[in-house]
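Only one structure is covered here, and it is reproduced in the block below.
The values are calculated or read from the model by the stated rules, or taken from the named source; none is laboratory data. None of the values given here were measured: they were computed from a predicted structure. Quick reminder, even Gly has a Cβ in these numbers, built from the backbone with ideal geometry, and neighbours come from all protein chains shown. When the accessible area is computed, the model is the full protein with side chains, heavy atoms only, and any ligands, DNA or RNA have been set aside. Shrake-Rupley method; radii C 1.70, N 1.55, O 1.52, S 1.80 Å.
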Amino acid sequence: MGTSFMLFSPPPLLKPHQVPLTTPFPLPQNHHTASRNKRVHSTSKFGNFLDFKPENKPESLDFDLPWCHPSDRNRFDVIIIGAGPAGTRLAEQVSLYGVKVCCVDPDPLSVWPNNYGVWRDEFESLGLEDCLDKTWPMACVYVDDGKTKYLDRCYGRVGRRKLKERLVQGCVSNGVRFHKAKVWQVQHQEFESKVLCDDGVELKGSLVVDASGFASNFVAYDKVRHHGFQIAHGVLAEVDDHPFDLDKMVLMDWRDSHLGNEPYLRASNSRFPTFLYAMPFSSNLIFLEETSLVSRPVLSYMEVKRRMVARLRHLGIRVKRVLEDEKCLIPMGGPLPRIPQEVMAIGGTSGVVHPSTGYMVARTMAVAPVVAFAITQCLGSTRMIRGKQLHDKVWNSMWPIENRLVREFYSFGMETLLKLDLNGSRSFFDAFFNLKPYYWQGFLSSRLTLNELLWLSISLFGHASNPSRFDIVTKCPVPMAKMVGNIALEYIG
C-alpha cells in the first residue's frame, strides 16, 4: 500500500482545504496525443482509466557495483538470493561485521516497483526517516458515510530510490559482492551449500538466505500453505481534482455509496468488501488503491478494478494520466516455514508479513539487524559455527517462541477478518480505532507482546457495538480454537 509524483501548467484554483505542496520527485513531461485526448473524453465526463498505459518507466541506480570476481573463488560466508528490500537490508547489515557476502539477483540495480507506506515512527526508530519522500501528519478512516476516524499518527511514503541507494551504498562500503543472475537450484552438504545460477556460475557458502519473495520454492514447509490473500489495484495519477485533504492520508475508505447504481457490485462488495487507500500529494496528483484486505480464495482482480472505477466516478475524480500502476497480491497468514532448515529466509517467504494487515517493509527493516547479528555470532571472524547449529541459531533469531505465539494471534485476527462482511468490517475497525493508541498502533506495527494482545482483545470486545460483539461470539470460536491448538503445538514442540 503506498506511492508518488507532480505537474505542469498553471495549477487549478485550490479548495479551502487544499494547499499547494512541493512533491519530492520529478514528473515526466506531458505527452498527451490527440488520440489519447479523444479517448479520455469519449465515454463520459470521468472516463475509464483502466486502459491507460503507465507513463513512468522502470528505473535503475547509477552505481558501480563490486561484482563477484574469480579471485573470490566463488566462496562466501553468506549468499543472499534476491536484492529486494529484505535481501539488500540483510546484506548491508551482516556485512557490517566483516562477514563475506554475495547477493545474487537478475537485476540488482533496478529500483523496486512496489509502493510502500509506513508509519513514520517505525522508520524513525531505525534511523531511516530520511528515506521517506512524503509524510502526512495524520491518517483517516472513513467507516461509512456518516463516520470518520482521525488518527493522530504520522504516515509516510517510502522513497524507493532513496532507500535502495542507501542500502546499496552500505553494501558497497562493506564489501558485499553482487552477481547478476537468476538462481535455479540450491544444493546442501553438511557444512556448505552450493547455489547454481542460470549463467552456469556456481557459488558456495556456509549459509544461503532466500530473499527472493513469495513465489520462491527454495524454502520448505511442513504444513499446507493455506494463506489468505490481499489483492489491490493502485495508480499514481494526475487528476483534475480530488476531494481529500492534503494533510491526511486515507488509510481506509469503507464507504459504498458509489455502488448505488451497481447492484451486482454492491451485493458482492457487501459480502467481500474492498476499501480505498489514498495518498494525496497535491490537488491534482494522488495515489489511489482499491484494496481487498484479505480474502480466501483471492477476490477477482477485475472485480477490484471495476469497484475502483465506480468509486472514482462517484467521487468526481477524473484520471487524466496514469504515471504508475501496480497489481498487489500478498499471501497473508498460513504456516511458518519449517524451523530450522538449511536455507534461511527473510522477507515475503519468511512469514514476516503481518497476517492481519499485509504490512511487511518496516518489520523487515527491523528484523534484518537481529538476523545479521545471529549470523555473525556463528560466522564472525573469531567463530566458525556451521551446519545445523548455524541454522538453529539464525532461524530462532527471527522466530523465537514468543514471536511465533504472537504471530498465531495475528493469524487469528486474519481468520476473523475473513469471516466479516462489509458491515462487520466497518464495526470492527470502528471499535479497533477506539482503542488506546498504544494498542492499535502496537498491533499495526507488530510490537505487542502476547499478554498485551490478550488485553487488546478484551478491550476490543468492550468497545465493540452489539452487532460486532455478536459477530465475535458467533464467528470467532473456530479461528480461536485453531489458534489455541497451534499455540499448544508450539509449546509442545
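Quick rundown of the values:
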{"quantity": "Residue match in the range 266-285 (condition: β-branched (Val, Ile, Thr), open to solvent by less than 10 Å² (accessible area, probe 1.4 Å), without any contact (Cβ under 8 Å) to a residue 60 or more places away in the chain and touching a strand residue (DSSP E or B) at 6+ places or on another chain (Cβ under 8 Å))", "calculated": "yes"}
{"quantity": "Matching residues, the range 120-174, being farther than 21 Å from ASP245 by Cβ, open to solvent by less than 30 Å² (accessible area, probe 1.4 Å) and either touching a Gly at 6+ places or on another chain (Cβ under 9 Å) or of a type outside the set (A, V, I, L, M, F, W, C) (or both)", "calculated": "GLU122, PHE123, CYS131, VAL158, GLY159, ARG160, LYS164, GLY170"}
{"quantity": "Those residues of the range 332-368 which are within 12 Å of PRO85 (Cα to Cα) and assigned to a loop (DSSP other than H, G, I, E, B), in sequence order", "calculated": "ILE346, GLY347, MET360"}
{"quantity": "Test for GLY387: is it within 27 Å of PRO369 (Cα to Cα), open to solvent by less than 20 Å² (accessible area, probe 1.4 Å) and under 25 Å from the mean Cα position of the chain (by Cα)", "calculated": "no"}
{"quantity": "Breaking point among (1) over 20 Å from the mean Cα position of the chain (by Cα); (2) in a loop (DSSP other than H, G, I, E, B); (3) modelled with pLDDT of 95 or more, for LEU299", "calculated": "(1)"}
{"quantity": "Within the range 183-262, strands (runs of 3 or more DSSP E) holding 1 or more residues that are more than 30 Å from SER283 (Cβ to Cβ) and not aromatic (Phe, Trp, Tyr)", "calculated": "183-188, 193-197, 202-210, 228-239"}
{"quantity": "Any hit, the range 75-82, residues being modelled with pLDDT of 95 or more and part of a loop (DSSP other than H, G, I, E, B)", "calculated": "yes"}
{"quantity": "Conditions (1) open to solvent by 30 Å² or more (accessible area, probe 1.4 Å); (2) out of contact with any strand residue (DSSP E or B) (no Cβ under 7 Å at 6 or more places or on another chain); (3) at pLDDT 95 or above: number failed by HIS226", "calculated": "(3)"}
